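Data block below; observations after.
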Amino acid sequence: MKNYYIHDKKKLARRRRALLPVLAAVAVLAFACAAYLAWTPWQDGPDTFVNATEDNATMGNATTVNATAAADSVPEPPRREPVQEYQIRDGDTLSSIFDQHLISQTTLFQIMDADEQILALDILRPGNTLTFAFNADWSLEQMTLTINPARQVIYRRVDAENFEFEEVVHPGSWVQQTVAGGIDGSFFLSAQSAGLNDQEVASIADLLKGRINFRRDLQAGDSFQVVRRQQFVGDQFTGESQILGIRILCRKRTYDAYLFSDGKYYDHDGNSLMRAFVRYPFKGSHRLSSNFNPRRHHPVTGRISPHNGADFSMPVGTPVYAPGDGVVTRALRHQFAGNYIEIRHNDRYSTRYLHLSKFLVRKGQSVKRGDKIALSGNTGRSTGPHLHYEFHVAGRPVNPVTAPIPIMASIPRKDRAAFKAMVAALTAEMDQARATSVTAEAPQLTEATGQN
Ligand SMILES: [Zn+2]
């Protein structure tokens, strides 16, 4: 109430100043009108607020928030559709998109609350779409984030105060291909012209970076073969692809990596290309105060509200260490997750750390296992100082306390035969693709379709 009062006083003052040069009689009349206009919002609030939004699109945040907060309950303006789809553009924020769709700040907070355990909305990717479904009273009933044809996150209203999320993953079908090419210029350009996309080239560079210097070790005439699989829903590529095997034949030696059924990459001798993880991202022992629980009941709504990580009680300022090598993909502040970090370890593994007090790394930075990345804290929605730790395998959270995270350095003896057979099959594919590639003097694709 106090805010409205101040706001209106300023409005009155502005109008008084504007009327100074006008004749006294007119001024009196105009003043009366101005006073009436300024007073009007008290009379028929919602309509005036809607006009305020449309007329004052460039006004400060506070005004817009007040306006849209009221807008959820106004009669239907002609241009609104009960279902609206929006394609995310560069520079958009969730808040700006909600403003455009006249969705209240309160609803924004409720959605962010529901998103805390999945954090799918914290980085908006241009090209992804948001679909809004409204109720008759223009309250938001459901919002769907479509990340790619195979992956959606649906936020559904549970009651007046709560939304819940559901992640919808279509398995699609995976198409396996072998891509072969020769080095001509940089590896990046050569791989691209052979038909690999940017993400695949980045994955390969990531896989082999500890073994090969892509600038120094490669020269014209060297060749490479890659077995990859790509995910399709119908005939649409989802953007998801996985490198099954990569071999670079150089004059002096061969660099290679093969993905085994345990989800790790090895060279042809079965030596791991990835350094092992340590189980916990901290030293010493800290009490497990809340377990990973995909079926947890929400303390307020009683509904299923997953806890996608494990909480470890620890004093604010306890050092947090990277449990494995990787790249920092997020170092952000979130209303509920607090200050949090995400590390991408490779194609398959990533980890998250929530409620931190201090970042010691920045986005884009490479980290090695054991590097100090942050200090634990109590930021965001947290009932006490603790570290919320998440371990994701292939994009899905697993229990970080019990999941079989890779801690072995080479293929165990019992799996040797299976590994050798797999390498033999992939290298046979590669040899064939290479032979075809050399004959044709052009990049060649050999194709095999598989359901997985
Ligand atoms: Zn937690």
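Can you tell me which residues in the stretch 303-321 are assigned to a loop (DSSP other than H, G, I, E, B) and either within 16 Å of the ligand (Cβ to nearest atom) or modelled with pLDDT of 95 or more (or both)? Spell out the reasoning first.
Here is the first cut: in the stretch 303-321, the ones assigned to a loop (DSSP other than H, G, I, E, B) are 303, 305-306, 308-309, 314-318.
Result: SER305, PRO306, ASN308, GLY309, MET314, PRO315, VAL316, GLY317, THR318.
Name the one entry in VAL328, VAL320 that is more than 24 Å from ASN162 (Cα to Cα) and touching an Asp or Glu at 6+ places or on another chain (Cβ under 9 Å). Spell out the reasoning first.
Working: VAL320 fails: touching an Asp or Glu at 6+ places or on another chain (Cβ under 9 Å).
The unique qualifying residue is VAL328.
Just wondering, is there one or more residues in the stretch 369-377 that are part of a loop (DSSP other than H, G, I, E, B), at pLDDT below 95, under 30 Å from SER223 (Cα atoms) and more than 16 Å from the ligand (Cβ to nearest atom)? Give the derivation first.
Just the residues of the stretch 369-377 that are part of a loop (DSSP other than H, G, I, E, B), to begin with: 369-371, 376.
Imposing the further condition that a residue be at pLDDT below 95 reduces the set to 369-371.
Next, only the ones that are under 30 Å from SER223 (Cα atoms) stay: none.
No, every residue in the stretch 369-377 fails to be part of a loop (DSSP other than H, G, I, E, B), at pLDDT below 95, under 30 Å from SER223 (Cα atoms) and more than 16 Å from the ligand (Cβ to nearest atom).
Does any residue of the stretch 278-293 turn out to be within 21 Å of ASP347 (Cβ to Cβ) and touching a Gly at 6+ places or on another chain (Cβ under 6 Å)?
no
Here is a list of conditions, (1) within 16 Å of the ligand (Cβ to nearest atom); (2) in contact (Cβ under 8 Å) with a residue 12 or more places away in the chain; (3) in a loop (DSSP other than H, G, I, E, B), and ARG295 meets all of them except one; can you say which number that is?
Unmet for ARG295, out of (1) within 16 Å of the ligand (Cβ to nearest atom); (2) in contact (Cβ under 8 Å) with a residue 12 or more places away in the chain; (3) in a loop (DSSP other than H, G, I, E, B): (2).
Being under 27 Å from the mean Cα position of the chain (by Cα), of a type in the set (A, V, I, L, M) and modelled with pLDDT under 50 narrows it down to one of VAL50, VAL65, so name that one. Walk me through it before giving the result.
Details: VAL50 fails: under 27 Å from the mean Cα position of the chain (by Cα).
It is VAL65.
Of everything in the stretch 281-292, what is more than 10 Å from the ligand (Cβ to nearest atom) and part of a loop (DSSP other than H, G, I, E, B)? Give them in sequence order.
Answer for the stretch 281-292, where residues must be more than 10 Å from the ligand (Cβ to nearest atom) and part of a loop (DSSP other than H, G, I, E, B): PRO281, PHE282, LYS283, GLY284, SER285, HIS286, ARG287.
For the condition more than 16 Å from the ligand (Cβ to nearest atom) and not in a loop (DSSP other than H, G, I, E, B), what is the one hit in VAL361, VAL328?
Checking each option against the conditions leaves just VAL328.
Are any residues in the stretch 96-142 of a type in the set (Ser, Thr, Tyr) and either in a loop (DSSP other than H, G, I, E, B) or modelled with pLDDT under 95 (or both), and if so, which ones?
So the first thing to find is which residues in the stretch 96-142 are of a type in the set (Ser, Thr, Tyr), and the list is 96, 104, 106-107, 129, 131, 139.
Those that are of a type in the set (Ser, Thr, Tyr) and either in a loop (DSSP other than H, G, I, E, B) or modelled with pLDDT under 95 (or both): SER104, SER139.
The values are calculated or read from the model by the stated rules, or taken from the named source; none is laboratory data. Treat the numbers as computed from the prediction; the structure is a model and nothing was measured. Please note: Cβ atoms are built from the backbone with ideal geometry, for glycine as well, and neighbour counts cover all protein chains shown.
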